[in-house]
Amino acid sequence: MGILEGERLLHWNYFLALESDIENLARYIEFTKDNYKTYSTELTNILLACCSEVDVLSKLICQIRNSNSKAGNIGDYRSELRENYPFLESMEITIPRYSLTLAPWENWSNNKSPNWWSCHNKVKHERNNHYQEANLQNTLNSAAALFCLELIFHKEITVSNRIEPPPTLFKPPEDFATISPTIGGPMTLIFK
């Protein structure tokens, strides 16, 4: 018996695993302003993983638009991604279950790195002094930033204009994609 293999969704599946980890957090930390500064080992793990994947996807997206791209850090990514995706800095991701709206790239409009990225670097390189920066606020924003890049990346590479399964916690901007049932099938994320 043979095995047929279709399109691999490595980055999407990794995002969904991280999203599942974030959903599990809500059993222990209410996603509310009162808890934004809550920090923990689990939040550290998720923050570092999300930011690592932000780095990977940013580089890939830059290379999709320019095969000679040498972008290799957040400043380089800002320059190239803003040029090709000017809407990114105002892109809003919602978490309807908790009535949250996140704009994780908004600092780019002031030519600054996102706060969550700067905090991630502090946690990554000087955790002994900045462990408290691995908090709920930075973790949710880093995950929302990753979701923005996932949407852009998969819209660029997906042939079918859809991706399954859709996220369960994060919701894309309505002008970019929708989450809808397919006829007689599962829910799917459909790009506009």
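The values are calculated or read from the model by the stated rules, or taken from the named source; none is laboratory data. All figures in this text were calculated on a predicted structure; none of them were measured in a lab. A quick note on method: Cβ atoms are made from the backbone with ideal geometry, for glycine too, and the neighbour counts reach across all protein chains shown. Protein only, heavy atoms only, side chains kept; ligands, DNA and RNA dropped before computing areas. Shrake-Rupley method; radii C 1.70, N 1.55, O 1.52, S 1.80 Å.
Structure data summary
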read-out: From the options 94, 41, residue that is open to solvent by 10 Å² or more (accessible area, probe 1.4 Å), under 18 Å from residue 169 (Cβ atoms) and of a type in the set (Val, Ile, Thr); value: 94
read-out: Residues of region 109-126 satisfying the condition of being assigned to a helix (DSSP H, G or I) and modelled with pLDDT of 95 or more; value: 115, 116, 117, 118, 119, 120, 121, 122, 123, 124, 125
read-out: Unmet criterion (only one of (1) touching a residue at least 12 places away in the same chain (Cβ under 8 Å); (2) polar (S, T, N, Q); (3) not in a helix (DSSP H, G or I)) for residue 160; value: (1)
read-out: Checking residue 46 against (1) surrounded by 18 or more Cβ atoms within 10 Å (Cβ to Cβ); (2) assigned to a loop (DSSP other than H, G, I, E, B); (3) in contact (Cβ under 8 Å) with a residue 24 or more places away in the chain, the condition it does not meet; value: (2)
read-out: Answer residue from region 107-135, given it is touching a helix residue (DSSP H, G or I) at 6+ places or on another chain (Cβ under 6 Å) and closer than 27 Å to residue 86 by Cα and is surrounded by the most Cβ atoms within 10 Å (Cβ to Cβ) among those; value: 120
read-out: Matching option when the condition is closer than 24 Å to residue 24 by Cα and more than 14 Å from the chain's Cα centre (by Cα), among 83, 133, 92; value: 133
read-out: Filtered residue count, region 50-65, keeping only those that are in contact with a helix residue (DSSP H, G or I) (Cβ under 7 Å, 6 or more places away or on another chain), open to solvent by 40 Å² or more (accessible area, probe 1.4 Å) and either of a type in the set (S, T, N, Q) or under 25 Å from residue 121 (Cα atoms) (or both); value: 1
read-out: Failed criterion for residue 166 (all others in (1) modelled with pLDDT of 95 or more; (2) surrounded by 16 or more Cβ atoms within 10 Å (Cβ to Cβ) hold); value: (1)
read-out: Residue under evaluation residue 101, criteria (1) assigned to a helix (DSSP H, G or I); (2) modelled with pLDDT of 95 or more; (3) surrounded by fewer than 16 Cβ atoms within 10 Å (Cβ to Cβ), criterion not met; value: (1)
read-out: Odd one out for residue 155, checked against (1) closer than 17 Å to residue 15 by Cβ; (2) open to solvent by less than 40 Å² (accessible area, probe 1.4 Å); (3) in contact with a Phe, Trp or Tyr (Cβ under 9 Å, 6 or more places away or on another chain); (4) not in a loop (DSSP other than H, G, I, E, B); value: (2)
read-out: Total residues in region 56-98, condition part of a loop (DSSP other than H, G, I, E, B) and within 25 Å of residue 19 (Cα to Cα); value: 4
read-out: Count - residues of region 1-20 that are more than 21 Å from residue 160 (Cβ to Cβ) and buried (at least 17 other Cβ atoms within 10 Å of the Cβ); value: 2
